[in-house]
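Student: Structure below; questions to follow.
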Amino acid sequence: MAGSTGAPSGGGAPGRVIAHVDMDAYFVEVELLERPELRGRKLIVAQESGRSVVLSASYEARADGVRSAMPLARARRLSPEALVLPPHQGRYREISASIMAFFGEVTDAVEQLSVDEAFLDITGARRRLGDPEEIGRHLRAETRARFGLPCSVGIADRKFIAKIASTRAKPDGLLLVPPRRRLAFLHSLPVRALWGVGAKTAEALERLGITTVEQLAETPAEMLRARFGAIGDQLHALARGEDDRGVQTSREEKSLGAEETFAEDVDSRQELLAELLRLSHRVASRLRAGGHAAGRVGLKLRYRDFETLTRSVTLRHSTQSALVLHRQAAGLLDGLGVLAQPVRLIGLRAEALSGDDAGLQLSFDRTETNWIDAEEALDAVAARYPGGVAPASLLRRPTSRRGGAPDGAGAESGREPGAGPGTEPGAGPGTEPGEERDHG
């Protein structure tokens, strides 16, 4: 197996077996399906705008130090020969859906984490497809044969170990960690490799003299709890290989959001309110499409110096209306008072999602009902003529300040992987502020 670091299965684990499948440089590889002549070149997938960030990079570009979520301007300095390819988010989602459907043929226990990775509980698949290592080979071979895409697979009896294993197997590899080798594998790793340990946590641990997972496991839990609170107990348990979480076949969506990084910093409250209106309509449309209603509204504001403010408000009644989202977000913006600096990014989130349509309808007053009817009509028009309809007030709005980066992307699977593709890096599941997951 090219790039494989697989270990013998030893007859397979007697209990649960979990695979983590992670597509390699997914966005780049999808682009190469249409442009195979570019294979072997230094490639960066990113929007061409002044404040765009890297969504993914080929391994040739990564050799120059290019990483996901890095500002495109910096990536160009590191790898001046790299070719920048514009992203095609619809294509990424389309192929992702097909890949996940294939995973569903292997096992009915699939937990999609993002557009390019998933956990699979393959315990019950062993009778049909062989031992865990054979199943791992099958996943890689079929993903390559059906979709023309490489992936890396990690297999273990713990979710977080399977995820670490797939990372260690990259690119295009397979790594199986049998239960008897679990602790030996974990304790051979630097503490930064542990799932959930971001840069800031790693730095704090290293200040305590803890640089390896083995040292973390040997540190008294009371000491870690005193320093890190509840997360200290979690880190101690993981370092000892303790993790009873199973594969979650359904993931409840907790929030939806959209944000915009401006090409030029904005100090006009009127422009910020106009951008919030555009974001409100985008988020409200996604709420209605998903059958969700928001119980909270959140505002995100990032100043010129990268200081980031977040505010939120709980609604008396859940809503799917852009009118309500905008009104609440505008109130949060007003609550900030005089802007301390020009703004480089603004975002809006719909939180505390529910699908209680009956309660939602009872909460409407006449004005909101009329607006919902109008917004649903806009949804229908937009479905037929994408990008051809918008609130009239936005048609007069200057466009030179917008960064051109897509907002709200990256939430297809019900989780927020940091800032969406094309936006500035943010904080997402398993990361700390300023970190972002690399797509492959």
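Student: State the number of residues belonging to segment 304-336 that are part of a loop (DSSP other than H, G, I, E, B) and within 25 Å of the chain's Cα centre (by Cα). Break it down into steps so the answer makes sense when it comes.
Tutor: Just the residues of segment 304-336 that are part of a loop (DSSP other than H, G, I, E, B), to begin with: 304-307, 320-321, 336.
Restricting the remaining residues to those that are within 25 Å of the chain's Cα centre (by Cα) gives 304-307, 320.
Qualifying residue count for the region: 5.
Student: Would you pick out the residues in segment 118-146 that are over 22 Å from F185 (Cα atoms) and in contact (Cβ under 8 Å) with a residue 60 or more places away in the chain?
Tutor: Keep residues of segment 118-146 that are over 22 Å from F185 (Cα atoms), which gives 124-130, 138-146.
Those that are over 22 Å from F185 (Cα atoms) and in contact (Cβ under 8 Å) with a residue 60 or more places away in the chain: R126, L139, R140, T143.
Student: For the list (1) hydrophobic (A, V, I, L, M, F, W, C); (2) open to solvent by less than 20 Å² (accessible area, probe 1.4 Å); (3) within 25 Å of L72 (Cβ to Cβ), I need the number of the one condition that L287 fails.
Tutor: Failing condition for L287: (3).
Student: May I ask you to say which residue of L345, L299 is under 24 Å from the mean Cα position of the chain (by Cα), modelled with pLDDT under 95 and not in a helix (DSSP H, G or I)? Please lay out each step first, then the result.
Tutor: On the way: L299 fails: modelled with pLDDT under 95.
Among L345, L299, only L345 is under 24 Å from the mean Cα position of the chain (by Cα), modelled with pLDDT under 95 and not in a helix (DSSP H, G or I).
A quick yes/no check of all residues on (1) closer than 30 Å to R35 by Cβ; (2) open to solvent by less than 20 Å² (accessible area, probe 1.4 Å); (3) assigned to a loop (DSSP other than H, G, I, E, B):
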site: E134; (1), (2), (3): no, no, no
site: R137; (1), (2), (3): yes, no, no
site: E142; (1), (2), (3): yes, no, no
site: I155; (1), (2), (3): no, yes, no
site: I161; (1), (2), (3): no, yes, no
site: D172; (1), (2), (3): yes, no, yes
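Student: Another one. Do we have T261 as within 30 Å of V338 (Cα to Cα), under 25 Å from the mean Cα position of the chain (by Cα) and at pLDDT below 90 here?
Tutor: Values: within 30 Å of V338 (Cα to Cα): yes; under 25 Å from the mean Cα position of the chain (by Cα): yes; at pLDDT below 90: yes.
Yes.
Student: Right, here's the next one. Where residues in segment 239-258 are more than 22 Å from the chain's Cα centre (by Cα) and modelled with pLDDT of 90 or more, which of them is most open to solvent (accessible area, probe 1.4 Å)?
Tutor: Result: R240.
Student: Under the condition of being of a type in the set (S, T, Y) and in contact with a helix residue (DSSP H, G or I) (Cβ under 8 Å, 6 or more places away or on another chain), which residue from segment 292-347 is most open to solvent (accessible area, probe 1.4 Å)?
Tutor: Of segment 292-347, the ones of a type in the set (S, T, Y) are 303, 308, 310, 312, 314, 318-319, 321.
Filter once more, so that each one left must be in contact with a helix residue (DSSP H, G or I) (Cβ under 8 Å, 6 or more places away or on another chain): 312, 318-319, 321.
Numbers: S312: 55, S318: 38, T319: 2, S321: 0 Å².
Restricting to residues being of a type in the set (S, T, Y) and in contact with a helix residue (DSSP H, G or I) (Cβ under 8 Å, 6 or more places away or on another chain), the top hit is S312.
Student: Okay, moving on. Residues in segment 179-201: is at least one modelled with pLDDT of 95 or more, open to solvent by less than 50 Å² (accessible area, probe 1.4 Å) and within 28 Å of E31 (Cα to Cα)?
Tutor: no
The values are calculated or read from the model by the stated rules, or taken from the named source; none is laboratory data. No experiment lies behind these values; they were computed from the predicted model shown. Ideal geometry is used to build each Cβ from the backbone, glycine not excepted, and the neighbour counts take in all protein chains shown. For the accessible areas, the whole protein counts, side chains as well, though only heavy atoms, and no ligand, DNA or RNA atoms are used. Shrake-Rupley method; radii C 1.70, N 1.55, O 1.52, S 1.80 Å.
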